[in-house]
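A short write-up of the structure that comes next.
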Amino acid sequence: MEVILAKTAGFCFGVDRAVSRAAGEAEKTDGPVYTYGPLVHNEEVIRDLESKGIRAVTAEELEGLDGGTVIIRAHGIPKAEQEKLVLHGFKVVDLTCPFVKRIHRIVQEASEAGRTVVITGNKDHPEVKGIVGWCGGKAIVIADESGIPEIPQDAPVTVVSQTTFNYKKFKELVEKISERSYNKHVVNTICNATQERQTEAGAIAERADVMIVIGGRESSNTQKLFEICRSACPRTYYIQTPDDLKTLSFAPVSSVGITAGASTPNNIIQEVYSHVRGKQ
Ligand code: SF4
């Protein structure tokens, strides 16, 4: 049986950076260390961080705490929330992914120049909420064409995107925006990590008899990977840990593909890989 492990499975650059630096921060800090929301959507990683003394807390819980270190996760947070943490006396360690931080800088400068910021993405996603929070002026989030009429006609606009937005959709929306605004500055801020992972997963699922997608239940990028794989390979399974493999039977198949979401740690991927290879 052939077992195909996706090269892009697991932590992306931003998540890897956040998880490893958070662990390093806990080692060198004496006081309590918190993350502003879960650092990643993976229970194994959260448990591992807890064992290192790092606790995920909500903004409301932080209100009742008295000092310590607060780690900002890869998605980033609004500027005002970050400033509030400093005002409350917390030491802030900003582990916002540099690709997201770049968007914060672009929208802040655009706002200061009096431009309307248009963000293509999901307005409820934490990354998008964070980006909106760095726009000092008018910000409009659009997920599809229905949001286009909200953009003021002939106003100077700067267009950016949520890092995980679909590139084809982004291009289509930019074309529509061009019909309304002649003074536009478009910056493609989509991160290739997601696109590459999805393309590779789909290609593996096309040729595999069984496909395994590993990731936390709450991880939206893992859910998306699962949908892509299932549409190419009906026998696609969504698992969280190697334990979940016990209930699966692969026989008779000649190939099994494996991929994982951006918040799945490498040790879990390797365990699943070894386990599946051992089933032959
Ligand atoms: S998906 Fe891209 S932008 Fe998002 S955290 Fe990972 S590397 Fe950064």
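The values are calculated or read from the model by the stated rules, or taken from the named source; none is laboratory data. Worth saying up front: this structure is predicted, and the values here are computed from it rather than measured. Backbone-built Cβ (ideal geometry, glycine too); neighbour counts: all protein chains shown. Remember, those area values only see protein heavy atoms, side chains included, never the ligands or the DNA or RNA. Shrake-Rupley method; radii C 1.70, N 1.55, O 1.52, S 1.80 Å.
Side notes on the structure shown:
- Residue that is in the same structural domain as HIS185 (by TED's automatic domain parsing) and farther than 23 Å from ALA56 by Cα, where the choices are ASP124, ASP144: ASP144
- Any strands (runs of 3 or more DSSP E) falling wholly within region 19-124 and containing at least 1 residues that are closer than 30 Å to LYS171 by Cβ: 116-120
- The residue list VAL187, VAL160 contains one member that is closer than 24 Å to GLY130 by Cβ, within 16 Å of the ligand (Cβ to nearest atom), among the β-branched types (Val, Ile, Thr) and surrounded by fewer than 19 Cβ atoms within 10 Å (Cβ to Cβ), which is VAL187.
- From the list VAL174, VAL107, the one residue that fits, being away from the ligand (no atom under 16 Å from the Cβ), under 25 Å from CYS12 (Cβ atoms) and not aromatic (Phe, Trp, Tyr), is VAL174.
- Here region 1-18 is the region considered, the condition is being of a type in the set (A, V, I, L, M, F, W, C) and in a strand (DSSP E or B), and the residue that is nearest to the ligand (Cβ to nearest atom) is LEU5.
- Taken over region 66-95, the criterion of being within 16 Å of the ligand (Cβ to nearest atom), free of Cβ contacts under 8 Å to residues at least 40 places away in the same chain and either crowded, with 19+ Cβ neighbours inside 10 Å or over 23 Å from the mean Cα position of the chain (by Cα) (or both) is satisfied by ILE72 alone.
- Verdict on SER274 being polar (S, T, N, Q) and open to solvent by 50 Å² or more (accessible area, probe 1.4 Å): yes
Condition check ((1) assigned to a helix (DSSP H, G or I); (2) in contact (Cβ under 8 Å) with a residue 24 or more places away in the chain; (3) closer than 30 Å to MET1 by Cα; (4) open to solvent by less than 30 Å² (accessible area, probe 1.4 Å)) across all residues:
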| position | (1), (2), (3), (4) |
| --- | --- |
| PRO149 | yes, no, no, no |
| ALA155 | no, yes, no, yes |
| PHE170 | yes, yes, no, yes |
| GLN195 | yes, yes, yes, no |
| GLU206 | yes, yes, yes, no |
| GLU218 | no, yes, no, no |
| THR222 | yes, yes, yes, yes |
| CYS229 | yes, yes, yes, yes |
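- Selection count where residues are open to solvent by 10 Å² or more (accessible area, probe 1.4 Å) and either touching a strand residue (DSSP E or B) at 6+ places or on another chain (Cβ under 6 Å) or at pLDDT 95 or above (or both), scope region 125-142: 8
- Residue list for region 100-124, restricted to those being crowded, with 19+ Cβ neighbours inside 10 Å and closer than 27 Å to ALA26 by Cβ: VAL100, HIS104
- Residues (at pLDDT below 95 and open to solvent by less than 40 Å² (accessible area, probe 1.4 Å)) located in region 231-254: THR241, PRO242, LEU245, LEU248, PHE250, VAL253
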